[in-house]
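The values are calculated or read from the model by the stated rules, or taken from the named source; none is laboratory data. As the structure is a prediction and not an experimental result, all values here were calculated from the model. All Cβ positions, glycine included, derive from the backbone under ideal geometry; neighbour counts span all protein chains shown. Note: accessible area is taken over every heavy atom of the protein model, side chains too, but ligands, DNA and RNA are not part of it. Shrake-Rupley method; radii C 1.70, N 1.55, O 1.52, S 1.80 Å.
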Amino acid sequence: MSAALLDRILPSDSGSDPADLQNILGLMQETKPLNDEATAFIRNAYFFGKEAHKGQLRRSGEPYFTHCVEVATVLAEMKLDSVTVSAALLHDVIEDTGYTVKDVAKAFNEELANLVDGVTKLSDMKFKSEEDKQAVNFRKMLLSVADDIRVIIIKFADRLHNMRTLEHLPAVKQRRIARETRDVYAPLAHRLGMHRIKSEMEDLVFKILEPKVSKDLEKLISKRQDFFDNYVLKFLEPVKERLDEANIDTVFKSRFKSYYSIHRKMKDQNRPFEDVYDIYAVRAIVDKVEDCYSVLGLIHSFYTPIQERFKDFIAQPKANGYQSIHTTVVGPDSLPVEVQVRTKEMDQTAEEGVAAHWQYKERGTKTTQDDIDQQVNWLRNLVDILQTEDRTTSHQFMDLLKIDLYKDEIFVYTPKGEVRILPLGATPLDFAFDVHSQVGLHCIGAKVNGRIKPLNSELTSGDKVEIITSDSQRPNSSWLKFVKTSKAKSNIRKHIKGQEFEQSLELGKEILDKELRKLGKAKEWKRLKDPHLKLKFESEDKLIASIGSGHRTVSSILSKFFPEHYTSHRKEKTESQLTDSFFRRARRSSKGVLIHGIDNMMISFGKCCNPIPGDPIIGFITRGRGITVHQKDCETVGTNLVEKERIIDVEWSSSRTQRFLVRLKILAQERKHLARDVTEIFSSYDINIDTLTMKVDGDVVTGLFVIEVEGVKQLERIKSKLLASDGVISVDRE
Ligand code: MN
């Protein structure tokens, strides 16, 4: 510890601790005493932070350090360990004062410095769009958790206190922070089981985003307070009597649910306040698990339970670790009453979630360590997905998260009887990927409760699932249509993308080699250093693959390096130039693009999606470049374009009976008569094949077909017929 500095700032007499520090130390000792070392550590952090923030003020006019103390107090209430509470006292030191991570590490230790550093990193995030912002936020949070989940817990406490003191900010900023809390922090707190923090955050958000509604509700609730308090006394009286006789220590707590959750119930059930019943809950907290069931039995002996409302989360805990028994019974005057029964430890977990596990960890039990591992595993899985899906757009990422965050869950069993938790609607394939990505990738079938079921059938709770695999099986894009878990989706996507990229790369190499040989430039190309940089590609492989996938033509690339060969108009057509001419030809089959109200505009077509007649399209007015036409669902028609350009309705000018050229890429497992079968499918639809190439590589065949179709609908029919054919892996329009 940097003795000189601390000597200077520490008061000589520890008896004169300020009240707010005493409060923190007191809260931390409510369940067990702190040793001298831990106490000294927290005191040092307190005085270090106070000194560091000296002279800084919050918007409210209070000293800045009061914020740090409040954040630490939230964590002390949650009974987190002394290092976490100390880190909370110092959480803004690196960001807002002259001290560095190294200074903090030197004065305290690496563990604390890492926590402070993690919180600081979470704080300096810069965003572009709303959607981006959420995703980036999530991503950063999750990635930081991979090191230490306490970073997130501190960040939650920080956000909670900022939400509590939001009234000092301008209204616009208040609403922005409230929305971010609603979209990013509350869902993640929920997923981590931190219920107390989540509901307080939601109530604060509710107050800011819907001030009038929340104020009205507050009034309604306070009017009902007395009624419910009296009612609960009446309800519990006979139960308490019997519990005393049986000598079962039980603490009853009763309270209204959070404002926000009541508001949501009113909205969901479309009922006024008076008609919503489950707004008030009674909680019974006992010492032992056995007592939970005794108390439950006793309550049921006095009041009739409503069957479908009974849930035993003790026998089957939720994925976030929540355990409790829920029952709703018919109380006096025929009013329904919800009762939750749980042990003290379960109650702590229900309120604080993963943070509670952390506290127990200090006590060093094996089972709670497993609990933490499970929590952290869930996050690690997400982090894995984030790191492998480099192309995932923010939007897709949010979708992935929503699946895991909001869907209900089912419980299914492995042949060995282990329980797996999957989202509602999950299929055997989701189960297979949940077991292991290799099991998923090679899954050909499943036995559900002993019977063979299709891969896309829906599993239900209690199913016993056995997966059948085969080495020759490969995932295909149709799987994406029915899998539910993000793990399965990202694994399948990754696999398909990898396959496509490999093939594009190989084809691109071939085209490039051929063209280079023709120009006599093979050696010169090899001597080029990082040719991809000139054309703004991430790597040379990606540049070459873009030729294979048809997104760029080889001439458009080589003309940048060897312009002398591309000035003449009398150039020979290479294979890749055929791609260009194909698109030109395809587009000529239509009379062009119709644009409402504007004549003689320059038209160009998005290289990203290559629209052809029949595709739903959309246009952008580009300054100086006329109109660019994209497919309506083209991925690059994203946020960036919308800002710079103006969207315009366009349509193909063509008659119905006209035929269009389409290029199809078919991937299939090599087998006898494959080419014959494919051609037969085309001819069964009376389709002309314009050109075709087929290439065999190992046991995979790549076929490129240019065919004439009547429109998108016919094309879809042909595609599904092809996919149904033996050995066909994928059929994609190029
Ligand atoms: Mn802060």
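P(r) for the range 9-109, from all Cα pairs and a bin width of 5 Å, is 2, 13, 25, 25, 20, 11, 3, 0 %, short bins first. Fraction of C-alpha pairs exceeding 27 angstrom in the range 212-370: 31 percent, rounded to a whole number. Take 482-490, 717-725 and order them by the average number of nearby Cβ atoms within 10 Å per residue, most first; the result is 482-490, 717-725.
Around the Cα centre of the range 189-342, unit charges on the Cβ atoms of Lys, Arg, Asp and Glu (plus for the first two, minus for the last two) sum to a dipole of about 700 debye. Computed in the context of the full set of protein chains, the accessible area of the range 660-733 at 1.4 Å probe radius has 49% of its extent on carbon or sulfur.
Considering only protein heavy atoms and a probe of 1.4 Å, how much of the accessible area of the range 159-312 is carbon and sulfur, as a whole percent? Carbon and sulfur together cover 50 percent of it. The length gained by stretching the chain between residue 287 and residue 565 to full extension, at 0.36 nm per residue less their Cα-Cα distance, is 91.5 nm. Solvent-accessible area per residue in the range 660-733 equals 50 Å², computed with a 1.4 angstrom probe and all protein chains kept. Protein heavy-atom surface of the range 22-61, 1.4 angstrom probe: 46% of the accessible area is carbon and sulfur, with nucleic acids and ligands not counted.
Between residue 466 and residue 233, the FRET efficiency estimated from the beta carbon spacing at R0 = 51 angstrom works out to 0.40.
Remark: the residue 334-residue 725 segment gains 134.5 nm on full extension, using 0.36 nm per residue and subtracting the alpha carbon distance.
With a cut-off of 12 Å between beta carbons, the residues surrounding residue 238 carry a summed charge of -1, where Lys and Arg count +1 and Asp and Glu -1. Residues 273, 411, sorted by accessible area with the largest first, give 411, 273 [1.4 Å probe; ligands and nucleic acids excluded].
Convex hull volume of the Cα atoms of the range 660-733, normalised per residue: 71 Å³. Among 198-207, 496-505, 450-459, 86-95, sorting by the average number of other beta carbon atoms lying within 10 angstrom of each residue, highest first, gives 86-95, 198-207, 496-505, 450-459. Exposure check, 1.4 Å probe, all protein chains in place: residue 525 carries approximately 20 Å² of accessible surface.
Stretched out straight at 0.36 nm per residue, the stretch from residue 219 to residue 58 would grow longer than its current Cα-Cα span by 54.8 nm. For the pairs 219/257; 207/318; 50/106; 487/632; 215/344; 79/253, note any where the Cα-Cα span goes beyond 25 Å. Too far apart for the 25 Å limit: 207/318; 487/632; 215/344.
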